[in-house]
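Undergrad: Dumping the structure here so I can ask a few things about it.
Read the figures in this text as sums done on the coordinates, not as results from a lab. Being a predicted model, the structure only gives us computed values, none of them experimental. Don't worry about glycine lacking a Cβ; one is built from the backbone with ideal geometry, like all the others, and counts go over all protein chains shown.
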Amino acid sequence: MEINRSNIKDIISRCSIKPSKDYGQNFLIDSNVSFKIVEALEVKEGDRVLEIGPGLGSLTHFLSLTKAKINAVDVDNKMTNFLRNVYQGCENLTIVENDIRREDVSFYDKIIGNIPYNITTEIIQYILLNAERAQTMVFMVQAEAFNRFSDIKGKEYGPISILIHLLGNIEKISTVKPGSFYPLPKCNSIVFRIKINEDVDRKKAIEIYKMCKKIFVSRRKTIQNNLTSIVKNKETAEMLCHEFNINPLSRPEDLSPNTYLLIYNYLNR
C-alpha cells in the first residue's frame, strides 16, 4: 500500500493509530520521496534487505516491489500488526516485531531506514558495528544529526564519523522538508548513503573506533595528554606526535581518520 497525503488521515483514523512521540514517529507521506530513498539503496534481485522502523510502510511499499528478500523490523506492535495485514500475501516481505538493537543484523546485504530521531546515533552505531555483510546503507535522519556522521573535523566530528570514513564513504542524497511528513516535524531531514569498501578490514576499523571512543571521552584535553592515557607513557605519546607531525596541543577533533589509522597501526605493529 502506497502511503501518501491523500490516504494518511484515513488510515490513521480507520486503524486507530496515533503517532508515538516515544518512538519518534513521523510518517513519510510523500511517495515521490519514498521512491527516491528506496532507489538510492540500489536493490538487486536476491539481496537480503533490512528495513528499520517501517512504520506504516512508506518505504516498505516500494521495497516490496523489488525481487529482494525484505525483513522490516519495528518495535511498535500497532505498526507490525498493520503491516502484516496489508502485506499478508507478499512472499518476499517478513514483518518482525523487535527492537532493532536486539536484532541479528549480520547477514543483510543492504539496510535502509527512517531512523527515530531520539536514538539516531545509537541505532546507526549498532548497524555499523554488527552488519558484517552490508555493503550499502541508506538512512534518513534529523538534519542536525547528519554532521555527526559526515564531518571529518570540528565539534560534531567523533568516533562514529571516523568509523564510517574508515569503512567506506558517505554521501548526502537529499533534504526532505517537514511537509513530507505527518505529523510535521520541527526540522528538515537528510537522506544519506553509506557505501562500505569491499576490501576494507572491518575488524581493524572497529578497533580504531574503540580506541577513538576512549580518546574522545576527553575531547577537550590535548591530543598528547589523550595519547598518554592510551599508551600509559608520556614519552611514547610525544614520539607519536612527532612521528606523525601532530601538534601536541591539538584536540582529538583536529586529527583526520587517516591519522588515527596511522596511530593504531604504529601501536599494533
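Undergrad: Which net charge results when you count Lys and Arg as +1 and Asp and Glu as -1 among the other residues whose beta-carbon is under 13 Å from that of Val105?
TA: Around Val105, the charge tally is -1.
Undergrad: Region 8-200: Rg/Rh from Cα coordinates, Kirkwood Rh?
TA: Radius of gyration relative to Kirkwood radius: 0.94.
Undergrad: Please give me, ordered by residue number, the GluC sites (Glu not before Pro) of region 111-189 that lie in loop per DSSP and have at most 16 other Cβ atoms within 10 Å. Before the final figure, lay out the partial values.
TA: On the way: sites: Glu122, Glu132, Glu144, Glu156, Glu171; in loops: Glu132, Glu156.
For GluC sites (Glu not before Pro) across region 111-189 that sit outside H, G, I, E and B with at most 16 neighbouring Cβ atoms in 10 Å, the list reads Glu132, Glu156.
Undergrad: Another question, then. Ignoring solvent entirely, what values of log10 I(q)/I(0) come out of the Debye formula for region 188-251 at 0.20, 0.26, 0.27 Å⁻¹ when each Cα is a single scatterer?
TA: Each listed q corresponds, in turn, to -0.84, -1.05, -1.09.
Undergrad: Still on this structure, I have one more. Structure shown: which of Lys214/Lys234; Lys67/Lys110; Lys21/Lys67; Lys36/Lys67; Lys21/Lys186 lie over 23 Å apart, alpha-carbon to alpha-carbon?
TA: Lys21/Lys67
Undergrad: On to the next question. Based on Cα positions only, what radius of gyration and what Dmax would you give for region 102-234, in angstroms?
TA: In Å, with Rg to one decimal and Dmax whole: 16.2, 55.
Undergrad: Follow-up question, since we're still on this one. For region 77-121, what ratio Rg/Rh do Cα atoms give with a Kirkwood hydrodynamic radius? List each step's numbers first, then the result.
TA: On the way: Rg = 12.3 Å, Rh = 12.5 Å.
Result for region 77-121 is an Rg/Rh of 0.98.
Undergrad: Continuing with the same structure: May I ask for log10 I(q)/I(0) of region 156-269 at q = 0.12, 0.19, 0.20, 0.23 Å⁻¹, from a Debye sum over the Cα atoms as equal point scatterers with solvent left out?
TA: Debye intensities relative to I(0), on a log10 scale: -0.52, -0.95, -1.02, -1.23.
Undergrad: Lys and Arg at +1, Asp and Glu at -1: add these up for the other residues within a Cβ distance under 12 Å of Ala237 and post the number.
TA: With Lys, Arg at +1 and Asp, Glu at -1, the net is 0.
Undergrad: With no solvent and one point on each alpha carbon, what is the Debye value of log10 I(q)/I(0) for region 216-269 at q = 0.19, 0.21 Å⁻¹?
TA: The computed values of log10 I(q)/I(0) come out as -0.56, -0.69.
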